Amino acid sequence: MAWVTQTLSSSLGRKVIMSLTGLFLSTFLIVHMAGNLQLFKGDGGRAFNEYTYFMTHNPVIMTVSYLLYTSILVHALMAFVLTRHNQASRPVKYAYSKPEANSDWSSRNMGILGTILLLFIIIHMRTFWYEMHFGSVPMAEYDGKQYKDLYAVVQVAFGEWWYVLLYVICMGALGYHLAHGFQSGFQSLGVRHKKYTPLIEALGKYFFAIIIPLAFAAMPIYVFLQVHHII
Amino acid sequence: MKINLKVWRQKNNNTPGKLVEYHLDNVSEDMSFLEMFDVLNDSLTRKGEDPVTFDHDCREGICGMCSMYINGRAHGPQTGATTCQLHMRSFNDGDTIVVEPWRARSFPVIKDLMVDRSAFDRIIQSGGYVSVNTGSARDANEILVPRTIADEAMDAAACIGCGACVAACKNASAMLFVSAKVSQLAILPQGHSEHKERAERMVAQMDAEGFGACSFTGACSVECPKSISLDHIARMNREYLGAKLSSDNVQG
């Protein structure tokens with residue numbers, strides 16, 4: 001098995017790990033965004049709470065969720081290892097450098113953007129995931145069946161303007177992270193083709209970097225406006 | 001033209017260096033950047049000072065020896081050209097120009113602006129070749145190569161090994177250099193037979209030399225004097241993964 005560890009610890013192998021975990025996390029975003037669109041339903045949270053019940057009780061979803069937690073950890077840890085290695089590759093910095101002349105800002109700052117996103121994930125999971133699994137969530141009853149009322153937790157959290165602002169800023173970071181990360185992930189796997197690369201780039205630039213973050217940012221804003229009876 | 005220079009002066013790799021200012025009053029805009037340095041060195045020598053050490057050879061943009069990081073960019077503000085092909089008309093009268101050596105752990109400074117790029121030689125020695133029996137030359141048309149493949153291999157082979165890719169990369173990664181060689185040989189029939197071992201060995205040597213990993217910022221390709229495409233990096237990733245998964249090399 002020496003070849004496996006050797007491959008995964010090579011610079012190219014590490015990028016493959018970054019790519020596979022990153023692309024898996026990207027696909028998760030689609031599911032997470034689509035599911036949370038229930039927040040816009042305006043039915044007092046019933047659809048959202050039923051969806052939450054499904055997500056926490058379906059065995060397939062629960063199995064995939066462990067893969068998800070692992071991916072987040074591996075992606076972050078590997079990024080840390082790579083960043084340290086990359087920084088060590090240039091011990092003396094340039095006195096004067098103009099990187100903006102040859103590359104995009106987001107491509108050079110994936111580490112900073114990723115750190116913001118990791119902090120966001122910790123805050124986000126503390127507020128909702130932790131409360132759902134280990135905290136005290138009020139109950140709601142639909143058709144005689146008891147559901148954890150996560151929607152109430154959402155309303156409390158997104159009722160705070162600073163919490164909404166934090167989410168909107170972090171979704172900006174998500175957009176920039178994915179603007180580079182999604183298409184770059186395919187390059188690490190060697191997927192580059194005249195026919196498909198333009199499609200992958202467009203998907204990354206418009207769908208993952210703009211539509212997904214906008215949809216996520218709209219959720220706290222919408223709930224905030226609703227809680228405060230502005231809409 | 002009047003030019004203010006801030007040049008990196010460093011005695012050797014064990015001594016810390018610093019930027020030193022020089023002023024040149026009679027610089028012709030038709031001079032190449034290296035000729036401007038010749039003028040500077042001439043005046044330094046006349047004053048009994050140590051001239052600035054820098055690498056250069058053909059001064060035709062094809063040998064890959066010149067290696068200056070000029071005003072924050074590898075080979076200066078021009079794209080698709082080496083330092084020797086950069087002319088003073090690219091600058092304005094009275095400009096201050098900062099000149100530094102390539103900066104990478106794998107390219108230790110020898111003196112001033114000259115760095116040791118033998119890491120590239122060792123990467124080439126690890127697999128950047130085609131094993132052939134010596135003897136009389138084979139007939140030119142014995143091995144058929146489609147024109148498009150020949151062109152693509154030629155684009156990769158245009159790499160002059162100057163190291164601008166490493167210098168420009170935020171990670172000091174040598175991916176563009178290594179991939180140009182891996183790619184060039186992998187797509188030609190002469191090199192294809194050894195393509196798996198080549199990808200494995202050259203990547204292993206690249207890592208052993210201490211270059212960084214690839215973030216696909218694309219800076220290397222923009223600063224490359226031969227404008228070598230990122231296509232080759234993707235192909236090397238493909239070659240390497242394919243080789244690791246399918247070669248007989250179990251030991252890694």
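Calculate the dipole size of chain A relative to its Cα centre from +1 charges on Lys and Arg beta carbons and -1 charges on Asp and Glu beta carbons; express the result in debye to the nearest 20.
Details: 16 positive and 10 negative charges, 229 e Å.
In debye, rounded to 20, chain A gives about 1100.
What percentage of all Cα-Cα pairs in chain A are separated by more than 22 Å?
Working: 15743 of 26565 pairs.
The calculated P(r) of chain A puts 59 percent of pairs beyond 22 Å.
What whole number of Å gives the distance from the Cα centroid of the stretch B:13-37 to the Cα centroid of the stretch B:114-157?
Taking the Cα centre of each part, the stretch B:114-157 and the stretch B:13-37 sit 36 Å apart.
Quick one, what does Rg over Rh come out to for the stretch B:15-71 if you take C-alpha atoms and the Kirkwood Rh? Intermediate results must be reported in sequence, preceding the final value.
Working: Rg = 12.5 Å, Rh = 13.0 Å.
Over the Cα atoms of the stretch B:15-71, Rg/Rh equals 0.97.
Nearest 5 is fine: what % of DSSP beta bridges in the protein assembly as shown come out antiparallel, could you say? Walk me through the intermediate numbers first.
Numbers: 20 of 25 bridges.
Looking only at bridges with both residues in the protein assembly as shown, the antiparallel portion is about 80 percent.
Considering every Cα-Cα pair within the stretch B:1-112, what fraction, in whole percent, is farther apart than 17 Å? Before the final figure, lay out the partial values.
Values: 3276 of 6216 pairs.
Of all Cα-Cα pairs in the stretch B:1-112, 53 percent lie more than 17 Å apart.
Given a Förster distance of 22 Å, report the FRET efficiency between A:Ile123 and A:Phe207 from their Cβ-Cβ distance, rounded to the nearest 0.05. Show your work: numbers first, answer last.
On the way: r = 25 Å, r/R0 = 1.14.
Once rounded, the FRET efficiency stands at 0.30.
Checking the a/c ratio against 1.5 first, then a/b against b/c, what shape does the Cα gyration tensor give for the stretch B:118-246? Numbers along the way, then the final one.
On the way: a/c = 1.80, a/b = 1.50, b/c = 1.20.
It is prolate, given that a/c is not under 1.5 and a/b is the larger ratio.
With r as the distance between the Cβ atoms of A:His133 and A:Val74 and R0 = 35 Å, compute the FRET efficiency 1/(1 + (r/R0)^6) and round to 0.05. Show your work: numbers first, answer last.
Values: r = 21 Å, r/R0 = 0.61.
Using R0 = 35 Å, I get an efficiency of 0.95.
Using alpha carbons only, how many degrees (0 to 90, rounded to 10) separate the axis of helix A:161-188 from the longest principal axis of chain A?
Value to nearest ten degrees: 40.
Between the alpha-carbon centers of the stretch A:113-142 and the stretch A:182-231, tell me the distance in whole angstrom.
Their Cα centres are 22 Å away from one another.
From the Cα gyration tensor of the stretch B:77-164, with a ≥ b ≥ c the square roots of its eigenvalues, which class applies: rounded if a/c is under 1.5, or else prolate if a/b is larger than b/c, or else oblate? Don't jump to the answer; show the numbers that get you there.
Details: a/c = 3.70, a/b = 1.77, b/c = 2.09.
Oblate, because a/c is 1.5 or more while a/b does not exceed b/c.
Taking a ≥ b ≥ c as the square roots of the eigenvalues of the Cα gyration tensor of the stretch A:87-144, is the shape rounded (a/c under 1.5), prolate (a/b larger than b/c) or oblate?
Details: a/c = 6.95, a/b = 3.44, b/c = 2.02.
Note, shape of the stretch A:87-144 comes out prolate.
Rounded to whole Å and sorted largest first, what semi-axes of the equivalent ellipsoid does the C-alpha gyration tensor of the protein assembly as shown yield via the square root of 5 times each eigenvalue?
Working: eigenvalues 512, 176, 69 Å².
Taking √(5λ) for each Cα gyration eigenvalue gives 51, 30, 19 Å.
Each label point is 7 Å from the Cα along the Cα-to-Cβ direction; what then is the distance between the points at B:Arg122 and A:Gln226, in nm?
Between B:Arg122 and A:Gln226, the label points sit 6.2 nm apart.
For chain A, the longest stretch holding no trypsin sites (Lys or Arg not before Pro) located in a DSSP loop with at most 13 other Cβ atoms within 10 Å is which? The partial results should precede the final answer.
On the way: sites that count: A:Lys93, A:Lys194, A:Lys195.
Formally, the longest exposed-site-free interval is A:94-193.
So if R0 is 56 Å, what FRET efficiency would B:Ile149 and A:Ile112 give, r being the distance between their Cβ atoms, rounded to the nearest 0.05?
Numbers: r = 41 Å, r/R0 = 0.73.
Working from the Cβ atoms, E equals 0.85.
Counting helices only, and only those DSSP H runs with n ≥ 4, report the 222 nm mean residue ellipticity of chain A as the sum of -39,500 (n - 2.57) divided by its residues, in deg cm²/dmol to the nearest 500. Let's see the in-between values first.
Details: 11 runs with 157 residues, N = 231.
Dividing the helical sum by the residues of chain A leaves -22000 deg cm²/dmol.
Bear in mind these aren't lab numbers, they're just calculated from the coordinates by the rules spelled out. Source: prediction; values computed, not measured. Cβ: placed from backbone, ideal geometry, glycine included. Neighbour counts: every protein chain shown.
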